[in-house]
1. Run through the other copies and list how far each one's label point is from that of C:S314, in nm with one decimal, shortest first; the point sits 7 Å from Cα along Cα-Cβ.
2. Inside 10 Å of the C-beta atoms of D:66-78, what's the mean count of C-beta atoms belonging to other chains?
3. Check B:V25: other-chain or 5+ apart residues with amide H under 5 Å from its amide H, H built from backbone geometry?
4. Stick to Cα atoms and the Kirkwood definition of Rh, then tell me Rg/Rh for chain C.
5. With a cut-off of at most 15 other beta carbons within 10 Å, and DSSP calling the residue loop, which chymotrypsin sites (Phe, Trp or Tyr not before Pro) in region C:158-263 qualify? Please list them.
6. Let me check against my output: what whole-number percent is the relative contact order of region C:178-325, with C-alpha pairs under 8 Å and at least 6 apart?
7. Loop only per DSSP, at most 15 neighbouring Cβ atoms within 10 Å: give me the GluC sites (Glu not before Pro) in region C:173-226, ordered by residue number.
8. Which net charge results when you count Lys and Arg as +1 and Asp and Glu as -1 among the other residues whose beta-carbon is under 10 Å from that of A:K164?
Number of protein chains: 4
Amino acid sequence: MRLKKGNKKMDIIAIGRACIDLNAVEYNRPMEETMTFQKYVGGSPANIAIGTSNLGLNVGFIGKVSDDQHGRFIATYMAGKGVDTSKMVADQEGRKSGLAFTEIKSPSECSILMYRDNVADLYLTPQEVDEKYIREAEVLLVSGTALAQSPSREAVLTAVAYAKANDVKVIFEIDYRPYTWKSEEEVSTYYTLVAQKADIVIGTRDEFDMLEGKEGGDNQDTVKELFKYEPEIIVIKHGVEGSFAYSKEGKEYKANAYKTEVLKTFGAGDAYASAFLYALFNEKDVETALKYASAAAAIVVSKHSSSEAMPTVSEIEELINNQSQ
Amino acid sequence: MRLKKGNKKMDIIAIGRACIDLNAVEYNRPMEETMTFQKYVGGSPANIAIGTSNLGLNVGFIGKVSDDQHGRFIATYMAGKGVDTSKMVADQEGRKSGLAFTEIKSPSECSILMYRDNVADLYLTPQEVDEKYIREAEVLLVSGTALAQSPSREAVLTAVAYAKANDVKVIFEIDYRPYTWKSEEEVSTYYTLVAQKADIVIGTRDEFDMLEGKEGGDNQDTVKELFKYEPEIIVIKHGVEGSFAYSKEGKEYKANAYKTEVLKTFGAGDAYASAFLYALFNEKDVETALKYASAAAAIVVSKHSSSEAMPTVSEIEELINNQSQ
Amino acid sequence: MRLKKGNKKMDIIAIGRACIDLNAVEYNRPMEETMTFQKYVGGSPANIAIGTSNLGLNVGFIGKVSDDQHGRFIATYMAGKGVDTSKMVADQEGRKSGLAFTEIKSPSECSILMYRDNVADLYLTPQEVDEKYIREAEVLLVSGTALAQSPSREAVLTAVAYAKANDVKVIFEIDYRPYTWKSEEEVSTYYTLVAQKADIVIGTRDEFDMLEGKEGGDNQDTVKELFKYEPEIIVIKHGVEGSFAYSKEGKEYKANAYKTEVLKTFGAGDAYASAFLYALFNEKDVETALKYASAAAAIVVSKHSSSEAMPTVSEIEELINNQSQ
Amino acid sequence: MRLKKGNKKMDIIAIGRACIDLNAVEYNRPMEETMTFQKYVGGSPANIAIGTSNLGLNVGFIGKVSDDQHGRFIATYMAGKGVDTSKMVADQEGRKSGLAFTEIKSPSECSILMYRDNVADLYLTPQEVDEKYIREAEVLLVSGTALAQSPSREAVLTAVAYAKANDVKVIFEIDYRPYTWKSEEEVSTYYTLVAQKADIVIGTRDEFDMLEGKEGGDNQDTVKELFKYEPEIIVIKHGVEGSFAYSKEGKEYKANAYKTEVLKTFGAGDAYASAFLYALFNEKDVETALKYASAAAAIVVSKHSSSEAMPTVSEIEELINNQSQ
């Protein structure tokens, strides 16, 4: 599957959360000892919107933020990065933007302290999703976390229905986060509903296990089941062991992870998805797209932030060339 | 489409609410002046389970009732009517069974005073739905009201997924009730999800309008859209003007309403669905099934209760013969 | 303490719940086998308002009922019994009136199946309590159940503050019901706050134990503690062993229970409080008031309903004369 | 009234919230443009506990914090400041510590962006308040914000009841914050309940207006009403116009505000209360205590943080001497 850049008014519209990351300024220590935090825009679909806009795609964002200083910062920052925020709405009931305090004890021991209770992004309503806006895009990018709770859940299901009715391709980034979900059965129910309607599904092996409601799932079983429905391409990431892409016509590709000096693990998946989409929009084949994705992930994990560190095309291609596999 | 009686261990499994109706003993007056109420089992899928069991089908029921006198009455009554209640669970958190006080001011002015806050039936969980049980049925009958709220919503979506994975036919009785739903967009979102996966969809014209999220919908548009997906038969009821059935291969049938002395309007839809299913299970064609359905509805509206008044085959056939159209 | 009848515009204003009782028509059996229910007004403060109005006192009621057939029945019925309902408000957010289905297995095995989730009476707000109305009463009668949840809790605390600021006597009927309360510590906290401000406190020994947050409490300890604060009279009921009244100046009275043919136990406490208040308003001494109270309780337990069975003065006095102790 | 230092095992136990302040590192600008935040312990009663401990009093704290990095930071920081945290509990249900992002646009334009949804401190329960611990203190300091919501509300009412039953003096710092409270009537109801039982009440004129449920209240009316109950001293702050203290025996004192270079307004009230208590515990008269309080407030508003900036005795006395009024 090739995505056509410039075919529609927008290349990509992302839907879901746009939040605040508060990254430890003093790191390699427990957060109890971190006294200063740096503010960034965060949230998987916001990062992908910024990441793909950075890479030259024409990107819009549908989501709800707080009607306060944090919400205004998010909207201003994203607009500054070239993302169309005309369909980003401000919550009128006093809800706050989500927060993620990041703790970096060591490159392999990273954790996040989340503030996700009653956050604005989960209160996007179906009425706030505009069919005309979605119709003008080549791709609708859906973040799985937006399915965690009503009414955001129904807003996303509505967006997907609009996309399907208007020949807009749906890309499902599973983006599983345990908070907010009420049960694993709910996760599996809604992930399955959306995955079956998506054209491309991207996630880690663990995330596909959540989708299937089981542990220790097998890639071949996963793709066999999902290819009964709409998906054309399925991307399954296995961390340092690399990542795999499967196509409906039966092809299988693998990319190894690039070597890098890891500072933290956050943001890798968002950079990965951004570069993968960039490549498909720029007439690269799936195998090459996997390389772009892996390289972008390697770049982000070596830097302090997620959104602010989204790489450029030349950074990605330089890394690929330097480590030609 | 013919349904095969006796093909599986169960002919029909209904999923959804089983509640208490409290019917006015003194009627043709406002409820303020009714001092005595008669207790019956109620709730659309419970009525259909009882109705089809009455007509000789082998029926089971999946649902949650209160762990109190009302819940025990429901379970005992349904078992007494031949319904398998082995998968009916009792709520362990003190939730109550739903109540419907019926007011009959005149045959054409009937209303219901509902107690639906925090009722047991809406707390059925996906974990309480047994794939093995569903696999043993020819038909899973889904009531739309069970989609109104989590976790019952996810329990039903899970049941539908189990049915689809095991070649069990899904019949969707839209059964729209305004209480409990948070917005019309939610109604449309979930009704559409289930209708697209159902083999037969049954509802009034108004209910199909809710499904489509618009007013004044047209039957031809409705069936054209839904026949893109799984449905094989669509039944749309227009009250006293009669009802229509459409088949995927393009046939269209109509049944007029039978004449009867109307006491109240409750229960008509449940009798209709019960007799329609009975007919399909007994090798009648769709046109005949519509007649059985209309006749059963006419019988119930002339009687005081819903569940207790579900007609027999001979009552239905007698009415059809007496008013051969 | 004597209460002065006619001293103020109103003798008594009761605050709290007014609900629907659905009494088993067929009794001496489990409720599962009861098929017909008789509708009555219920709820302790509503019963006391009706009971004292029946006995000739001038009574008003502050409370919130549903804006439906049940709420209108309650308001009409109470007004018909002479209770001023000008400060009874109808809930504007769709909440229902509470229900109590009564089960009478035998005279000593009675139970109640309550519908109390999200009921209108617990949503009375402080803004809906009128200081001018309370100021015009000799007595404010507070039902402890109205303290179970916000905002009814704050409405009652506000009413008590208005009463204290305007020399209106406060009578606290503990009326403990386990549903709705979140913890026994909450019960004890709010019961103590109100009891310390009340002029008369009435309850069973078990209810005073809830107030004190312990089991097996002793009457002497109870009254010693409460007489440090506002109370002048404390009435503690011990069921069939009779009831005790204590006065701040150190007097102690006892009344035995009257013999009667018990049909059920509901309503006894409300009749007791009504007759006790009647007697104090009619210049009886505390000892005589206890007799009136006990006789009224004996009459109600021999009849089918609570509100409808509240006795007249002559019925009470006849029983006292017939069983002169 | 003199408070006796060392009379009991503890001089002061504070009850209420201990939270996280995130103070703008780059200030004199809108928060949208602040990119870095400094972390401090915050929350009025935590600040007063730290402030009085700094001044040499023996202080304990009762409250609930998150079971995460922020909660552990709070406990460790307060213990490091000499506060006994043996009765500080960690929330076991995943609730977070409250956050306050401070915005300093200019010395007179300060605002706070609060995260208070479902925070741990408001879930302190009555069962987590230990009567033995309170009995060992000379003073229980109550923060009004802890009354905003159940179960913290009942925990505080329980603590006050324990204090009254054990001759522990109650000091009520009104500390009104609009978030969390459901209505102004609720504020007035609970503030009044606690103020009537307190020995000392401290607040701004606006806070006493909230307590009284009206606007533009008058100090003379306020103290006349409250002196009918338990209070011995009432302190009413009028911002830059200075503050007033009233004693039950009819004396009245005033202190002017000290001159200072204001950086921000946060923390002034907590420093004020800390120094006022210090003075009373150190045999100063009320007039002198007011001076200490005003001086401490002047010092804190000239510094960046609240908790970390709580002054020492010598700083306070130096300012008083330099600006001898």
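1. Spelled out, the distances from C:S314's label point are 5.9, 9.2, 10.8 nm.
2. On the way: counts 1, 0, 7, 9, 5, 1, 3, 6, 1, 1, 2, 1, 0.
Across the residues of D:66-78, the mean count of other-chain Cβ atoms within 10 Å is 3.
3. Here the answer is B:T36, B:F37, B:Q38, since their amide H atoms fall under 5 Å of that of B:V25.
4. When Rh is taken as the Kirkwood radius, the ratio is 0.93.
5. C:Y179, C:Y229
6. Working: 220 pairs, mean separation 25.2, N = 148.
After rounding, I find 17 percent.
7. Details: sites: C:E173, C:E184, C:E185, C:E186, C:E207, C:E212, C:E215, C:E225; in loops: C:E215.
Sparse-neighbourhood loop GluC sites (Glu not before Pro): C:E215.
8. -1
The values are calculated or read from the model by the stated rules, or taken from the named source; none is laboratory data. Worth saying up front: this structure is predicted, and the values here are computed from it rather than measured. Methodologically, a virtual Cβ is constructed for each residue, glycine included, from the backbone with ideal geometry; neighbour enumeration extends over all protein chains shown. Side chains are part of the model used for accessible areas, which takes the heavy atoms of the whole protein and leaves out ligands, DNA and RNA. Shrake-Rupley method; radii C 1.70, N 1.55, O 1.52, S 1.80 Å.
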